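The values are calculated or read from the model by the stated rules, or taken from the named source; none is laboratory data. It should be emphasised that the depicted structure is a prediction, and the values quoted were computed from it without experimental measurement. Glycine also receives a Cβ, built like all others from the backbone with ideal geometry; neighbour counts cover every protein chain displayed. Just the protein is used for accessible areas: all its heavy atoms, side chains included, with ligands, DNA and RNA removed. Shrake-Rupley method; radii C 1.70, N 1.55, O 1.52, S 1.80 Å.
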Amino acid sequence: MMAKYKDIGIKLTPQRLAILGYLEGNKAHPSAEDIYNDLHAKYPTMSFATVYTTLATLRAKGCISELSIDPDKKRFDPNTSDHNHLICTSCKRVVDITVPFDLTLPEDSASDFMITGSHVEFFGICPECKKNNRYSREDMEKCV
Ligand code: ZN
Ligand code: MN
């Protein structure tokens, strides 16, 4: 994975390596704040700006995806392969939906666009939040 970053011209400083290591195989869809909070203890000199600009660079190079599924904060995904997402509107946990499902846009609704991709966001209440009644009527209403 690291060799791949050398190829695209990202200077691999120790702090950037720590961020890349944190992201590798990470399925939690962390935000810049999450990454900063988790790495700051081990790398006290790492600033939030470093985390933020590194994520922006990786995103611009296509090494990670940026998700808009959480209205509170941008989330990042090192898995750039085609997949969809499901968010718990109560605890904001985001999980992958990797199983393909039929998603065909009726031809006459595409305004003559050549469709090159899609990303579906599902909203719901996760099993833990459901079990512990950790959701409000408002959360439920988002589920329609
Ligand atoms: Zn939840
Ligand atoms: Mn994902």
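Values computed for the structure shown
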quantity: Share antiparallel - DSSP beta bridges, the range 81-143, percent rounded to 5; calculated: 50
quantity: Nearest-20 debye value, the range 81-143 charge dipole, Cβ charges on Lys, Arg, Asp, Glu; calculated: 660
quantity: Relative contact order (%) - the chain, alpha-carbon pairs under 8 angstrom, separation at least six; calculated: 19
quantity: For the chain, accessible area per residue (1.4 Å probe, heavy atoms of protein chains only), Å²; calculated: 66
quantity: For the chain, convex hull of alpha carbons as volume per residue, Å³; calculated: 155
quantity: Estimated FRET transfer efficiency (residue 116, residue 68; beta-carbon r; R0 30 Å; 0.05); calculated: 0.95
quantity: Heavy-atom accessible area ranking, 1.4 Å probe, most first, across 137, 59; calculated: 137, 59
quantity: Only Lys, Arg (+1) and Asp, Glu (-1) charged, at Cβ; the range 3-67 dipole about Cα centre in debye; calculated: 280
quantity: Pairs of Cα atoms farther than 19 Å apart, the range 3-67, %; calculated: 24
quantity: Förster radius 25 Å - calculated FRET efficiency between residue 96 and residue 52, Cβ distance, rounded to 0.05; calculated: 0.55
quantity: Local electrostatic count at residue 31 - Lys and Arg +1, Asp and Glu -1, tallied over other residues with Cβ under 15 Å; calculated: 0
quantity: Charge dipole (the chain, unit charges on Cβ, about Cα centre) - positive-most of 117, 106, 85; calculated: 85
quantity: Whole-percent carbon and sulfur share, accessible surface of the chain, 1.4 Å; calculated: 54
quantity: Antiparallel bridge percentage (DSSP; both residues within the chain; nearest 5); calculated: 65
quantity: Kyte-Doolittle at least 0.5, axis length at least 15 Å by Cα - qualifying DSSP helices, the chain; calculated: 48-60
quantity: Residue-averaged 222 nm ellipticity for the chain, from DSSP H runs of 4+ at -39500 (n - 2.57), nearest 500; calculated: -9000 deg cm²/dmol
